[in-house]
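Q: Let me give you the structure first, and then I'll get to my questions.
The values are calculated or read from the model by the stated rules, or taken from the named source; none is laboratory data. Keep in mind it's a predicted model, so treat the numbers as computed, not measured. Note that each Cβ is placed from the backbone with ideal geometry, even for glycine, and that neighbours are counted across all protein chains shown.
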Amino acid sequence: MFDLLASGIANEWLQTNKILPAKYDPVPIVSTWQGLPLLNPPLAADQTLQKAIDQYLISLKAMGLNPAQQGIWLQTDSVPLVNQQAAIPLPAASLTKSATTLAALKTWGFAKRFDTKIAKLPGSKIQGDTLVGDLIIEGAGDPLFVWEDAQALAHTLNKMGIKQISGNLQIVGNFAMNYQRDPQKAGELLKQGLSGATLAQSLTAEQLKDVNVIQAQTAKLGNLGKFQVKVAGAVMVATEMPPNAEVIIKHRSLPLPDIIREMNIYSNNEIAQMLADSVGGHEQVMQIATSLAGFAPQEIQLINGSGLGVQNQIAPHAASQIFRAIHRLARTQNLTVADLFPASGTDTKGSMLDRKMPIGTTVKTGTLNEVSALTGALPTRDRGLLWFTIINRGTQIPQLRQQQDRLLQTLQANWGQPASPWGIARQNMTPPYLGDPERNEITINKPN
C-alpha cells in the first residue's frame, strides 16, 4: 500500500514516474496487505514510520474506506519516505489554492499591491460639500476590497471635503467588492458602503451565504459608519476610464502575501479564483506550478483556481512539491511558508478551527463533500521538516480530519518536538487591517 524509501529507492520512484530519466525498467514486487494487493511494499528502515502508516490505513479501513483509494506522500527535504498512490492525480479540493498561491507570487512578486483608482470627470468642481459630476472607480483586480474599505474610502473623501456626489458612480476595469466580481453588483455594494449604511443581515445572508468571509482586524477609525458619501445618481458600468479623467485617490490593496495568507486561512474560493484569473487562468496556474515545483505535468489537472469540484486533481507528490516551492520562493524574501498559510498554534480560525495538529505544523487544508485533504510541513527534532500530503476519499469529513491530525501527532511523537520550527516560523507579524485609510493616497490637494 505504501513505500518506505531510502535514497536509492527514491531515484527508482522518480524515474518510474518520468521525473528523472529511467535507467532501467523496475520490476514491481507484488505482495498483499490486509488482504489487498500491494506494489513495492515497505523496504526497511524505519519501523516506527511503517507502524504509524500501517495503523493509519487500518483506521481508515475500519471506517469502511478502501485504503487503496487514499493518497499519501511524505518526505524530508531530500529523502522520500512514504508513497501511497503519490503520483496519481486525486481530487484535491482547496489544495488547488497552493498552486494558485505559487502562480500569483511568481507572476507578481511579494511586493505586489492592486491599486484601485478613484477619479473625477474633467471640469468637475466642488460646490459646498458636493462633487458635481460622476465619481469613477477603476479596479485593478484587488480581490480583498471589502465593506470596511468602502467606508474607509468615504472617510478619505470626507477628509477632502466631499460628502455628496451629484452624478453617477462609474465602475471601470476589474473591480470587485465583498467577493462579488460582477461589476454592477460590486458597484451597488460600493454605493451602499460609501453611504455609511451597515451591511444588512438580509444582504449578508444572500450575498455571502457561500463565502468563507475573511475575519481580519478592522482599522481603528471609531464608528466607520459615521463617514458618509451620498451618490445621487445610479451605478453605471463603463468599458474604460473617460479621457482626461483626473485621479483624486489611489486605494492600495493589502500586500499580496497578506491577501494570500487570509485566503488560505479561510480557504476563500472567490479570492483564489480572482487571483487565478488575473495570472491568466487555471492553465497558466498549472504551467507555472509544474515548472517551478518540478513534477510531471500529468500530476496536476485543474479546471479552476479555487479547487471547487472533484475535477480539480493533484497528485500527493505534486502537492508537496508545490508547497516546498512556495517555501523556497518565500525564503528569498526572508519569509517562510508560514507567512502564506495557517500554522497550528498560531491560527485557530477558518480552516484551522477544531484542528489538533502538532504546534508549528503549517498547512493547506482541502474539503469537498467526499474529499478531505491536507498538505504542509511538520517540524520534528530528529528528521527536520517533514513535507507531507494526505488526500482522503470519503464522506466522513470530521473523522478523516481527526485521523489526519492523529497521524501527524504520532509522527512528531516518534521523532520529537523540535526546540524551533526548523525555519518555517512566521516572520511578518504585522497584522493586516481591513478598512485602513492609510492605504488611501490622496493624489491632489482638493478636487476643483
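Q: With the requirement that a residue be buried (at least 19 other Cβ atoms within 10 Å of the Cβ), touching a residue at least 24 places away in the same chain (Cβ under 8 Å) and in a loop (DSSP other than H, G, I, E, B), what does segment 342-353 give you?
A: Once the filter is applied, which keeps residues that are buried (at least 19 other Cβ atoms within 10 Å of the Cβ), touching a residue at least 24 places away in the same chain (Cβ under 8 Å) and in a loop (DSSP other than H, G, I, E, B), segment 342-353 yields 342, 347.
Q: In segment 225-245, which residues are assigned to a helix (DSSP H, G or I) and surrounded by 17 or more Cβ atoms within 10 Å (Cβ to Cβ)?
A: Residues of segment 225-245 that are assigned to a helix (DSSP H, G or I), as a first pass: 225-226.
Passing the criteria: none in range.
Q: Determine, yes or no, whether residue 157 is touching a residue at least 60 places away in the same chain (Cβ under 8 Å) and assigned to a strand (DSSP E or B). Even if it seems obvious, please write down each step before you answer.
A: Details: touching a residue at least 60 places away in the same chain (Cβ under 8 Å): yes; assigned to a strand (DSSP E or B): no.
It is false that residue 157 is touching a residue at least 60 places away in the same chain (Cβ under 8 Å) and assigned to a strand (DSSP E or B).
Q: Does residue 53 qualify as being part of a strand (DSSP E or B), in the same structural domain as residue 314 (by TED's automatic domain parsing) and surrounded by 18 or more Cβ atoms within 10 Å (Cβ to Cβ)?
A: Working: part of a strand (DSSP E or B): no; in the same structural domain as residue 314 (by TED's automatic domain parsing): yes; surrounded by 18 or more Cβ atoms within 10 Å (Cβ to Cβ): yes.
No: the conditions fail for residue 53.
Q: Now a separate question. Could you list, in sequence order, all residues of segment 296-320 that are in contact with a helix residue (DSSP H, G or I) (Cβ under 7 Å, 6 or more places away or on another chain) and crowded, with 24+ Cβ neighbours inside 10 Å?
A: Step one: list which residues in segment 296-320 are in contact with a helix residue (DSSP H, G or I) (Cβ under 7 Å, 6 or more places away or on another chain), which gives 297, 299-300, 302-308, 312, 314-315, 317-319.
299, 300, 302, 305, 306, 307, 312, 314, 315, 317, 318, 319 - these are the residues of segment 296-320 that are in contact with a helix residue (DSSP H, G or I) (Cβ under 7 Å, 6 or more places away or on another chain) and crowded, with 24+ Cβ neighbours inside 10 Å.
Residue-wise test of (1) in contact (Cβ under 8 Å) with a residue 60 or more places away in the chain; (2) in contact with a Pro (Cβ under 7 Å, 6 or more places away or on another chain); (3) buried (at least 22 other Cβ atoms within 10 Å of the Cβ).
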position: 110; (1), (2), (3): yes, yes, no
position: 113; (1), (2), (3): yes, yes, no
position: 141; (1), (2), (3): yes, no, no
position: 144; (1), (2), (3): yes, no, yes
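Q: When you check residue 101 against the structure, is it surrounded by 23 or more Cβ atoms within 10 Å (Cβ to Cβ), under 23 Å from the mean Cα position of the chain (by Cα), touching a residue at least 24 places away in the same chain (Cβ under 8 Å) and within 21 Å of residue 240 (Cβ to Cβ), yes or no? Even if it seems obvious, please write down each step before you answer.
A: Numbers: surrounded by 23 or more Cβ atoms within 10 Å (Cβ to Cβ): yes; under 23 Å from the mean Cα position of the chain (by Cα): yes; touching a residue at least 24 places away in the same chain (Cβ under 8 Å): yes; within 21 Å of residue 240 (Cβ to Cβ): no.
Here the answer is no, as residue 101 does not meet what is asked.
Q: Looking at 386, 374, which is the one that is closer than 27 Å to residue 88 by Cα, in contact with a helix residue (DSSP H, G or I) (Cβ under 6 Å, 6 or more places away or on another chain) and modelled with pLDDT of 95 or more? So that I can check it myself, show each step before the final result.
A: Details: 386 fails: in contact with a helix residue (DSSP H, G or I) (Cβ under 6 Å, 6 or more places away or on another chain).
Being closer than 27 Å to residue 88 by Cα, in contact with a helix residue (DSSP H, G or I) (Cβ under 6 Å, 6 or more places away or on another chain) and modelled with pLDDT of 95 or more holds for just one of 386, 374, which is 374.
Q: Here's a follow-up. Are there any pairs, at least 6 apart or on different chains, whose C-beta atoms fall under 9 Å, with the first in segment 318-335 and more than 12 Å from residue 109 (Cβ to Cβ) and the second buried (at least 24 other Cβ atoms within 10 Å of the Cβ) and basic (Lys, Arg), and if so, which?
A: That search, which allows pairs on different chains as well, returns 319/364; 323/364.
Q: Mind checking which residues of segment 176-188 are in contact with a helix residue (DSSP H, G or I) (Cβ under 8 Å, 6 or more places away or on another chain) and crowded, with 23+ Cβ neighbours inside 10 Å?
A: Listed by number, the residues that qualify are 176, 177, 178, 179.
Q: How many of the residues in segment 354-378 are aliphatic (A, V, I, L, M), assigned to a strand (DSSP E or B) and under 20 Å from residue 77 (Cα atoms)? Give the steps one after another, and end with the answer.
A: Taking segment 354-378 first, the residues aliphatic (A, V, I, L, M) are 357, 359, 363, 368, 371, 373-374, 377-378.
Among the residues that remain, those that are also assigned to a strand (DSSP E or B) are: 363, 368, 371, 373-374, 377-378.
Imposing the further condition that a residue be under 20 Å from residue 77 (Cα atoms) reduces the set to 363, 374, 377-378.
Within segment 354-378, residues that are aliphatic (A, V, I, L, M), assigned to a strand (DSSP E or B) and under 20 Å from residue 77 (Cα atoms) number 4.
Q: Sticking with this structure for a sec: Quick one: how many residues across segment 246-290 are assigned to a loop (DSSP other than H, G, I, E, B) and surrounded by fewer than 20 Cβ atoms within 10 Å (Cβ to Cβ)? Write out each step before concluding.
A: To start, the set of residues in segment 246-290 that are assigned to a loop (DSSP other than H, G, I, E, B) comprises 253-255, 267-268, 280-281.
Remaining after also requiring surrounded by fewer than 20 Cβ atoms within 10 Å (Cβ to Cβ): 255, 280-281.
Adding up the residues that qualify gives 3.
Q: Quick one: residue 368 ticks every box in (1) closer than 16 Å to residue 424 by Cβ; (2) hydrophobic (A, V, I, L, M, F, W, C); (3) touching a residue at least 24 places away in the same chain (Cβ under 8 Å) except a single one, so which number is it?
A: Against the list (1) closer than 16 Å to residue 424 by Cβ; (2) hydrophobic (A, V, I, L, M, F, W, C); (3) touching a residue at least 24 places away in the same chain (Cβ under 8 Å), residue 368 comes up short only on (1).
Q: Here's something else I'd like to know. Only one of these is of a type in the set (Val, Ile, Thr), modelled with pLDDT under 95 and not assigned by TED's automatic domain parsing to the domain that holds residue 296: 136, 165, 171, 126. Name it.
A: Working: 136 fails: modelled with pLDDT under 95; 165 fails: modelled with pLDDT under 95; 171 fails: modelled with pLDDT under 95.
After ruling out the rest, the residue left standing is 126.
Q: Looking at segment 427-445, which of the residues that are surrounded by 12 or more Cβ atoms within 10 Å (Cβ to Cβ), touching a strand residue (DSSP E or B) at 6+ places or on another chain (Cβ under 7 Å) and not aliphatic (A, V, I, L, M) is nearest to residue 120 (Cα to Cα)? Step through it out loud before you land on a result.
A: Start the filter on segment 427-445 by keeping residues that are surrounded by 12 or more Cβ atoms within 10 Å (Cβ to Cβ), which leaves 427-428, 432-437, 439-444.
Remaining after also requiring touching a strand residue (DSSP E or B) at 6+ places or on another chain (Cβ under 7 Å): 433-435, 439-444.
Applying the additional criterion that residues be not aliphatic (A, V, I, L, M) yields 433, 435, 439-441, 443.
Details: 433: 27, 435: 22, 439: 19, 440: 16, 441: 15, 443: 12 Å.
Here the residue is 443.
Q: Being touching a residue at least 12 places away in the same chain (Cβ under 8 Å), among the hydroxyl-bearing types (Ser, Thr, Tyr) and out of contact with any strand residue (DSSP E or B) (no Cβ under 7 Å at 6 or more places or on another chain): is that true of residue 306 here? Lay out the reasoning, then the answer.
A: Numbers: touching a residue at least 12 places away in the same chain (Cβ under 8 Å): yes; among the hydroxyl-bearing types (Ser, Thr, Tyr): yes; out of contact with any strand residue (DSSP E or B) (no Cβ under 7 Å at 6 or more places or on another chain): yes.
Yes, satisfied.
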